[in-house]
Ligand SMILES: [Zn+2]
């Protein structure tokens, strides 16, 4: 298993912002003891256009936008292109990208929720393969839903907490399967929901599994806790690994700096068994 990472992604920050370089730096320092680290290359604008409108790409490039959660950092176009490139690399080697910024709140035409480009979506579209996407970040991946709604090549499954940002993902439609959950869900109910969600698409055939791996459902998470333990991420990994598909994962959220690395390790240990 390879981890995709480049220190460049630590170079932007805003004071007090929960999506901090410290969270990814701590995860990197922890994971580098266990895995080989590969460096990504930025995607091209042509790659970004597989997913995003020219207007949106231009907006990120020029910094001509305002979003309270997703500030206009200097060189954010480069960092966002590099993070999308890390998802592409993760797909190529069936690894895990821990690059920032995250991606699943960015839609065809918009950024938001710390996300500028939809990293996972760029990797999926570029592959052209029939893909099952599982999003276990505790926020709904509204951007990923926006990009893939009605796409015959993709099925999207999201488990997320209801009543928090971004306020979407209440119901399922077409190829989009949403499972809203409450704050006190806990491990058992979570795993039951994931298992039945996967059974629901059991008859379909996929060529790969793409995972939006967010760790903010963790019990101590300040933003989106679903009362989950570190161990449950190992179970999630085992369940997803049991699908026996070529698999890649990209980091989304997870805001307990000291526990992000151990939670990712738990997931990856489960996945490879
Ligand atoms: Zn999240």
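The values are calculated or read from the model by the stated rules, or taken from the named source; none is laboratory data. Worth saying up front: this structure is predicted, and the values here are computed from it rather than measured. Positions of Cβ are generated from backbone atoms using ideal geometry, with glycine treated the same way; all protein chains shown enter the neighbour counts.
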Subset of segment 215-236 [touching a residue at least 40 places away in the same chain (Cβ under 8 Å), on the phi < 0 side of the Ramachandran plot, within 16 Å of the ligand (Cβ to nearest atom) and part of a loop (DSSP other than H, G, I, E, B)]: 215, 216, 217, 221, 222, 223, 224, 225, 226
Six or more apart or on different chains, Cβ under 8 Å: which pairs go from a residue in segment 143-169 that's at pLDDT below 95 to one that's assigned to a strand (DSSP E or B)? Could you list them? none
Inside segment 129-142, can you point out the residues that are under 22 Å from residue 207 (Cα atoms) and within 13 Å of the ligand (Cβ to nearest atom)? 135, 136, 141
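For every residue, the table says whether it meets (1) farther than 22 Å from residue 19 by Cβ; (2) in contact with a helix residue (DSSP H, G or I) (Cβ under 7 Å, 6 or more places away or on another chain).
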| position | (1), (2) |
| --- | --- |
| 154 | yes, yes |
| 195 | yes, yes |
| 206 | yes, no |
| 213 | no, yes |
| 228 | no, yes |
Across segment 147-178, what is the total count of residues that are within 16 Å of the ligand (Cβ to nearest atom) and surrounded by fewer than 20 Cβ atoms within 10 Å (Cβ to Cβ)? 7
Kindly indicate the residue of segment 243-264 that is part of a loop (DSSP other than H, G, I, E, B) and crowded, with 24+ Cβ neighbours inside 10 Å and also farthest from the chain's Cα centre (by Cα) among those meeting that condition. 254
With buried (at least 21 other Cβ atoms within 10 Å of the Cβ), within 28 Å of residue 259 (Cβ to Cβ) and either within 13 Å of the ligand (Cβ to nearest atom) or at pLDDT 95 or above (or both) as the only criterion, which of 123, 197 stands out? 123
With the requirement that a residue be within 21 Å of residue 55 (Cβ to Cβ) and more than 15 Å from the ligand (Cβ to nearest atom), what does segment 96-110 give you? 107, 108, 109, 110
Does residue 212 satisfy the criteria of being under 16 Å from the mean Cα position of the chain (by Cα) and either away from the ligand (no atom under 16 Å from the Cβ) or part of a strand (DSSP E or B) (or both)? yes
Verdict on residue 256 being more than 24 Å from residue 84 (Cβ to Cβ) and more than 14 Å from the ligand (Cβ to nearest atom): no
